[in-house]
Amino acid sequence: MPVGSGRLVIGHADGEVVCVDLATGDIVWTGSERHEEPLQVVSSSPDGRLAATSASDHLIRVWDVATGAMIARFDHTHTAYDVRFSPDGERVATAFTDETVGVYRLGSTQRIMTGEGHESWVTAVDWSPRGDRLVSVITDATLRLWDPTNGTELLRRELVARSEAVAWSAKDQIAVGLEDGSIPLIDASGPLIEVARLRPNAEEIFNLKWAAGGRLLAAGTGRAVVVWDDQGARQIARFDLDNTFAYRIAWSPDASFIGASLCGDRVRLWDVPA
């Protein structure tokens with residue numbers, strides 16, 4: 001569910017992808033191909049020009065947000081549960097249910113990297129600020145760093161619980177959302193040392209996103225969307241949900257608002273400064 005340039009790209013529960021004008025609420029375009037349901041994730045490039053979608057049809061599609069044109073399509077034998085663009089917007093990293101991490105390059109249909117060694121399906125993946133490393137987390141309660149050029153595992157850290165969310169900030173800090181409701185903040189500049197731990201009322205963490213520059217961290221949980229400052233010392237905002245959970249979240253480019261896709265094929269937006 002990327003937010004940018006006054007537009008919101010939404011993946012519906014039935015597999016349809018649409019782009020909405022935030023000022024008017026009008027649908028700007030509808031994707032030329034519908035995914036098989038359920039649609040797993042919609043992710044945006046750093047500049048907001050592209051959106052990637054993945055679903056249970058084992059396909060990853062990349063869309064031009066301005067025109068709705070599908071500019072890339074990557075096939076696999078399993079579902080990509082998470083998809084993230086590299087900082088330069090030229091590659092996409094994928095977290096697959098076949099226990100692998102993958103990287104594809106735009107302009108090519110070939111997979112250029114495969115990371116193997118996980119012992120369960122990969123739930124989330126993200127890029128380092130320079131695009132020279134990948135982080136992945138999985139249901140076997142481990143975090144791993146990868147070389148995105150050749151699939152070499154660089155570092156590994158055991159977690160206290162299974163994880164469904166990870167986010168790497170511009171300040172080289174990795175946030176991990178754990179099933180027990182805690183969020184370790186890990187220094188990625190060295191041997192993966194935990195420097196702080198956030199606890200949003202013991203609610204399972206489904207998604208994590210840093211705002212531009214790594215100043216704010218947002219977590220989508222089973223009861224709320226919660227925002228902290230970059231040191232984890234202060235809770236900036238908490239947006240409570242009514243009998244639902246925030247499956248995916250996304251910041252606007254200027255960090256002025258957050259969007260969340262909710263159970264029941266709904267999207268909700270919040271004004272963060274207010």
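Rule-based calculations on the coordinates, nothing more; no lab input. Every value quoted in this text rests on a predicted model; they were computed, and no experiment measured them. No Cβ is skipped: glycine too gets one built from the backbone with ideal geometry, and neighbour counts run over all protein chains shown.
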Check: Can you give me the pair-distance distribution of the chain, C-alpha pairs, 10 Å bins, whole percents?
Finding: 7, 33, 39, 19, 2
Item checked: Inverse of mean 1/r across different Cα pairs in the stretch 34-128, Kirkwood, Å -> 13.1 Å
Check: Could you put I193, I205, I174 in order, starting from the residue whose Cβ has the fewest other Cβ atoms within 10 Å?
Finding: I193, I174, I205
Checklist line | Formal net charge of residues neighbouring A250 (Cβ-Cβ distance under 14 Å; K, R +1; D, E -1) | finding: +2
Item checked: Under 12 Å, Cβ to Cβ, from D240 - net charge with Lys/Arg +1 and Asp/Glu -1 -> +1
Check: Among L178, L50, which comes first, second and so on when ranked by fewest other beta-carbon atoms within 10 Å?
Finding: L178, L50
Margin query: At 1.306 mPa s and 10 °C, plugging the Kirkwood radius over alpha-carbon pairs of the stretch 71-200 into Stokes-Einstein gives what diffusion coefficient in µm²/s?
Written below: 109 µm²/s
Checklist line | Two-decimal log10 I(q)/I(0) for the stretch 138-274, as the Debye equation yields it once each C-alpha is a single scatterer, q = 0.12, 0.21 Å⁻¹ | finding: -0.45, -1.28
Check: Summing +1 for each Lys or Arg and -1 for each Asp or Glu, what net charge is found among the other residues whose Cβ lies under 11 Å from the Cβ of A141?
Finding: -3
